[in-house]
Number of protein chains: 2
Amino acid sequence: MDQVEIFKALANKARLQILNWLKEPETHFPDYKASCGDNSVGVCVGHIQRKSGLTQSTVSEYLAVLQRAGLVNATRIGQWTYYQRNEIAIKALGQLIATSL
Amino acid sequence: MDQVEIFKALANKARLQILNWLKEPETHFPDYKASCGDNSVGVCVGHIQRKSGLTQSTVSEYLAVLQRAGLVNATRIGQWTYYQRNEIAIKALGQLIATSL
DNA sequence: TAGAAATATCGAGAAAACCCGATATATATT
DNA sequence: AATATATATCGGGTTTTCTCGATATTTCTA
């Protein structure tokens, strides 16, 4: 768990936005269950991409950055990759900052 | 309080180090009270600079970055500028991450 | 098996961060 | 007033990040 890597991942408006959207998928991606294989392991890249307005490659890369930092988990199912927040890691980060920063 | 600016400030090994040193000045800067005007508003730039091994200009800039992010407070007294952690802001950040990230 | 759809990776130009040396500014001392 | 000390700012070379378009890979479907 590299602190610098985590903070780098968070040091970007779009990535913070994505992380925030993933808190409430049904709110921010109304049809996220209907349109890419009704599931419960997160939101697929395409939905995030369309909402963000960034290109597909950029969003794919940003999600990879968040994942490498441990802030989200990725699950590939068929042709889709679903991303969801890693709540445990995020909570741990809050703890770490409040106590050991 | 710009989140991105805060995370950018934290996304650097040397700055994290400095923030950590400032948690316990007497431990990390044994003579910080003796050699630059015995005071209680923090540690002067020179001490931080010597311990970090970075150049004076770099450390001055880094401290400014931390200050702009609200993570430290600066107090100029005479020819010295003393820096100390802004514990309130840091605690608030921990809260924010644990709840609203 | 050929084509379509979703995602990942590659290559690159622009912008920002890193970190330095040199110089400027502010304050203290003599 | 001249000099010394502490810090801040400036200019710039180097590295990293940002973000894109193009292409590759994987999986699904006809």
- [ ] Sort out which residues of the stretch A:85-101 are outside any helix (DSSP H, G or I) and at the interface with chain B (Cβ under 7 Å from one of its Cβ atoms), and write them in order of number.
- [x] A:Leu101
Task: Residues of the stretch B:75-84 that turn out to be in a strand (DSSP E or B) and without any contact (Cβ under 8 Å) to a residue 12 or more places away in the chain, as a count - done: 1
TODO: Please state which of the following conditions A:Glu24 fails to meet, knowing it meets all the rest: (1) free of Cβ contacts under 8 Å to residues at least 24 places away in the same chain; (2) within 14 Å of chain B (Cβ to nearest Cβ); (3) in contact with a helix residue (DSSP H, G or I) (Cβ under 8 Å, 6 or more places away or on another chain).
DONE: (3)
- [ ] Inspect all residues belonging to the stretch A:66-88 and state whether any of them is within 12 Å of DNA strand D (Cβ to nearest atom), within 18 Å of A:Leu16 (Cβ to Cβ) and open to solvent by less than 20 Å² (accessible area, probe 1.4 Å).
- [x] yes
- [ ] Taking B:Val45 as the residue in question, decide whether it is in contact with a strand residue (DSSP E or B) (Cβ under 7 Å, 6 or more places away or on another chain) and not aromatic (Phe, Trp, Tyr).
- [x] yes
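The values are calculated or read from the model by the stated rules, or taken from the named source; none is laboratory data. Every value quoted in this text rests on a predicted model; they were computed, and no experiment measured them. Note that each Cβ is placed from the backbone with ideal geometry, even for glycine, and that neighbours are counted across all protein chains shown. Just so you know, the surface numbers come from the protein's heavy atoms only, side chains and all, with ligands and any DNA or RNA stripped out. Shrake-Rupley method; radii C 1.70, N 1.55, O 1.52, S 1.80 Å.
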